[in-house]
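Enquirer: Below you'll find the structure I mean.
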Amino acid sequence: MPGRVRPDRDAGVPLRPQRHGRRRALPGNEGAALIYRRRRWRRAGDRPPPFCEKGETPLDKLRAGLLTGREARLLLLLAGASFLRNQLWLTPSPLMTVIMDDMRIGYQQGGQLLFIVTVLMGISLFVGSRVIDRLGASRAMAIAIGCLALDGLFAFFCRSYPLVLVGRAFSGIGYGLGSGAQGVLVTERFPPVRRGLINTINAAVNALSIAAAYAITVPLYRFFHSWRGTLLFWSLVSAAWMGIFILFDAAHAPAAAGAPSRAPASLAQAARLPKVWCMAAAMGGLTILYTGYSSYLPSFLAEARGFSLQAAGTATGMISVAGLAGCLLCGPLFTRLRAVHIPLLALELLVLAGAAGTALIPSHAGIYGGILLLGFCFNGWGTVSVTALMNMDGMTPRLMGGAVAIYSGLGGIAAVCVPGMFSFFQTRFGIRSALALFCLFVLPALAGTGLYALLCRRRGA
């Protein structure tokens, strides 16, 4: 009937008029009906939620956003484990010449002391997801810290190179298993609103510990007068930290994340999520680029740009310093965004700009600017992407172990090819072009993030 207002479809749901609407009573309707300009209907349920609920003060809202005592304790335990992982991984790097002279080995065997950690790190991420399924993330983290403690024990008590290499393999296993368990613990113990903050802090601790490894390793070596004693020191600290972790967390944690014993493995379930593979492709491309630059930038600066060895090492260390700033700034700014692919794409393009500028601009200002941009954007990207992985639709604490294995493990395994690729490029094109060609690995990152954005738009995520 013309002139009548359409009756309310949902009985009992009140209607709220717009401010510019006008009120008119129509015959045939019970009570006064509301007619809106352009026939727009807005229901009371569409109102945005208030900042504070009924009976809640702004101070209560602020307290709800703070960490509880148990969450702060877990964050401290995870930060300590992350710090120890990087110390044991990178201690041989500043002392490489000392280790080679002491064990009478060459550069290739010396490089394997670092290379085997990276390889086992990627493999243990996949195998460790099954350990996390069976034992739970907390107990898996305790085992990972224990594996780190074995590294220094082998180095101190074993004099043969193969046995020292076995100890380094345990360090790689502990690194990979601990990385996977940390992602599961953050997803399991912290609500989504706080995961961005927690990942920001963890990434900042990771960047700070890498910078600290290059700063304090030589003073510790001078104090102990032995590279074996330096590794033993960190192993003893790891053993003590494992005991603290068991006492305050693992002893009170459930055996598994509430999943039935016959449930499919988290790795197989996570592999069915297309978004996980998109993020893994992006992470793999950026990991290859970052590994190539962090490994060969000192040689490039010394040979092609005339830097001294000390200046080249200092410039390379600025990547970690800039990464710390990237974690602290990008995490709070971008992890709460719904369209998270926009900052991810922007950071990937800035990584490309920083890497290309470092390799192609001959001036010192261009080199240092490119290094700072590369470190800032890569670490900021990692903080935002891992938070997006945790908050992904369908992601559960159980699935997080498999998702982290795919997300980080593919990049770690792909990094095995970096020495061969760099040697191939350098032989044919020179060291400057070889370093610049690693910029091409930003393309898989852009493709993976773009496909992730399309999947989010298609499914309304």
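Bear in mind these aren't lab numbers, they're just calculated from the coordinates by the rules spelled out. Here the structure is a predicted model, which is why all the values come from computation and not from measurement. Reconstructed Cβ throughout: ideal geometry from the backbone, glycine too, with neighbour counts over all protein chains shown.
Enquirer: How high is the relative contact order of region 70-262, given as a whole-number percent (alpha carbon pairs under 8 Å, six or more residues apart)?
Expert: Values: 249 pairs, mean separation 72.1, N = 193.
That works out to 37 percent.
Enquirer: Here's something else I'd like to know. Figure the gain on full extension for residue 127 and residue 421 (residue separation times 0.36 nm, minus the Cα-Cα span) and round it to one decimal in nm.
Expert: 103.2 nm
Enquirer: Could you work out how far the C-alpha centroid of region 139-216 sits from that of region 94-134, in angstrom?
Expert: Region 139-216 and region 94-134 have Cα centres separated by 13 Å.
Enquirer: Then there is this: Extending each Cα 7 Å along its Cβ direction at residue 429 and residue 244, get the distance between those two points in nm, one decimal.
Expert: For residue 429 paired with residue 244, the spin-label model returns 4.7 nm.
Enquirer: Can you work out the Karplus-derived ³J(HN,Hα) for every residue in region 72-85? Use 6.51 cos²θ - 1.76 cosθ + 1.60 with θ = phi - 60°, whole Hz, and x for glycine or proline.
Expert: 5, 5, 5, 4, 5, 5, 5, 5, x, 5, 5, 4, 5, 4
Enquirer: Using 0.36 nm times the number of residues separating residue 225 and residue 337, minus their current alpha carbon distance, what extension gain do you get?
Expert: Working: separation 112, 0.36 × 112 = 40.32 nm, distance 5.05 nm.
Stretched fully, the residue 225-residue 337 segment lengthens by 35.3 nm.
Enquirer: Additional query: Given labels modelled 7 Å from the Cα in the Cβ direction, how far is it in nm from residue 325 to residue 105?
Expert: 3.7
Enquirer: In a shell of Cβ-Cβ distance under 13 Å around residue 141, excluding residue 141 itself, what net charge do Lys and Arg (+1) and Asp and Glu (-1) give?
Expert: +1
Enquirer: At what distance in nm do the modelled label points of residue 314 and residue 67 sit from each other, each positioned 7 Å from its Cα along Cα→Cβ?
Expert: A separation of 3.4 nm, rounded to one decimal place.
Enquirer: Assign unit charges at the C-beta atoms only (+1 for Lys and Arg, -1 for Asp and Glu), then state the dipole size of region 264-461 relative to its Cα centre in Debye, rounded to the nearest 20. Kindly include the intermediate steps, with their values, before the conclusion.
Expert: Working: 11 positive and 3 negative charges, 109 e Å.
For this selection, approximately 520 debye.
Enquirer: Please order 330, 456 by the number of other Cβ within 10 Å, starting at the fewest. Don't jump to the answer; show the numbers that get you there.
Expert: Values: 330 24, 456 19.
Going from least to most buried by this count: 456, 330.
Enquirer: With r as the distance between the Cβ atoms of residue 268 and residue 163 and R0 = 35 Å, compute the FRET efficiency 1/(1 + (r/R0)^6) and round to 0.05.
Expert: Details: r = 36 Å, r/R0 = 1.02.
E between residue 163 and residue 268, to the nearest 0.05, is 0.45.
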